[in-house]
Amino acid sequence: MQQGFLRSIIMLIGVVLIASGNPALAQPETNVVTADDTAGETMYQPGDYLIGAGDLLKIMVWKNEEISRSLPVLPDGTVSVPLIGKMTAAGKKVDQIEEEIRKRLGVYINAPVLSVSVEKVNSLLIYVIGRVNAPGMFILNNNINILQALAMARGLTPFADEDDIKVMRHTAAGLQILEFDYGEVVKGENLEQNVMLTRGDTIVVP
């Protein structure tokens with residue numbers, strides 16, 4: 001009984017810490033966690049982030065309000081840019097998209113000055129299923145590890161097998177299964193298994 005009480009306290013602390021950095025995480029009525037209207041804006045500038053379907057891109061072209069607009073990345077990974085038409089965005093970095101738009105707009109506009117940013121991130125999805133208190137899909141706007149994701153799912157149920165949690169991850173080489181022992185991690189042991197999650201990861205709690 002004491003172990004269960006300590007586990008509840010630990011998970012409660014985790015939820016509070018995460019929620020303090022993202023107000024949307026504190027809403028108990030939903031299993032889909034999103035950033036608020038301002039937290040997700042222009043979070044990602046040209047860098048390592050890869051665009052995904054569902055993200056909202058903001059294109060600004062100097063002295064051209066007709067082309068400057070926010071564009072959603074469609075489920076097929078494309079965006080429709082005025083004058084240019086459809087172009088693939090998913091799987092590319094922001095600076096790559098910016099350069100491609102600049103080149104293609106150059107056919108119509110002399111030396112276009114523009115910028116592209118991610119206005120809102122909607123494609124960073126992970127899933128937590130099984131014996132947790134709030135299983136479901138979670139939309140993230142920052143990097144989190146397995147323990148934090150379990151806290152977002154409001155912790156393990158009393159019947160969860162905490163020593164046999166698995167993360168299913170799809171990679172270019174195929175399906176990868178990562179093992180996670182909750183009991184060890186909360187005691188500060190074998191912390192290397194508490195890895196950062198990536199887009200599309202599924203945490204399975206038996």
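Residue check: is V118 over 30 Å from F159 (Cβ atoms) and surrounded by 16 or more Cβ atoms within 10 Å (Cβ to Cβ)? Against the criterion (over 30 Å from F159 (Cβ atoms) and surrounded by 16 or more Cβ atoms within 10 Å (Cβ to Cβ)), V118 qualifies.
Hey, any hits in segment 97-108 for a residue that's touching a residue at least 60 places away in the same chain (Cβ under 8 Å) and under 17 Å from L71 (Cβ atoms)? No, segment 97-108 has no match at all.
Residue-by-condition table, conditions (1) surrounded by 11 or more Cβ atoms within 10 Å (Cβ to Cβ); (2) at pLDDT 50 or above; (3) touching a Lys or Arg at 6+ places or on another chain (Cβ under 6 Å):
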site: G21; (1), (2), (3): no, no, no
site: L25; (1), (2), (3): yes, no, no
site: E29; (1), (2), (3): no, no, no
site: T42; (1), (2), (3): yes, no, no
site: D48; (1), (2), (3): no, yes, no
site: K63; (1), (2), (3): no, yes, no
site: I67; (1), (2), (3): yes, yes, no
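Out of curiosity, is L83 at pLDDT 95 or above, part of a loop (DSSP other than H, G, I, E, B) and open to solvent by 30 Å² or more (accessible area, probe 1.4 Å)? The answer is no for L83.
Taken over segment 153-175, the residue count meeting the criterion of being at pLDDT 95 or above and under 27 Å from V118 (Cβ atoms) is 4.
Within this structure, A90 fails the test of being crowded, with 20+ Cβ neighbours inside 10 Å and either part of a loop (DSSP other than H, G, I, E, B) or touching an Asp or Glu at 6+ places or on another chain (Cβ under 9 Å) (or both). There is at least one residue in segment 198-206 that is at pLDDT below 95, under 30 Å from L71 (Cβ atoms), exposed (fewer than 14 other Cβ atoms within 10 Å of the Cβ) and within 22 Å of the chain's Cα centre (by Cα). Residues that are within 20 Å of S123 (Cβ to Cβ), aliphatic (A, V, I, L, M) and open to solvent by 80 Å² or more (accessible area, probe 1.4 Å) occur in segment 159-174; there is at least one.
The values are calculated or read from the model by the stated rules, or taken from the named source; none is laboratory data. Just so it is clear, the structure is predicted and the values come from calculations on it, not from any experiment. Every residue, glycine among them, receives a Cβ derived from its backbone with ideal geometry; neighbour counts consider all protein chains shown. Each accessible area value is taken on the protein alone, full model and side chains, heavy atoms only, with ligands, DNA and RNA left out. Shrake-Rupley method; radii C 1.70, N 1.55, O 1.52, S 1.80 Å.
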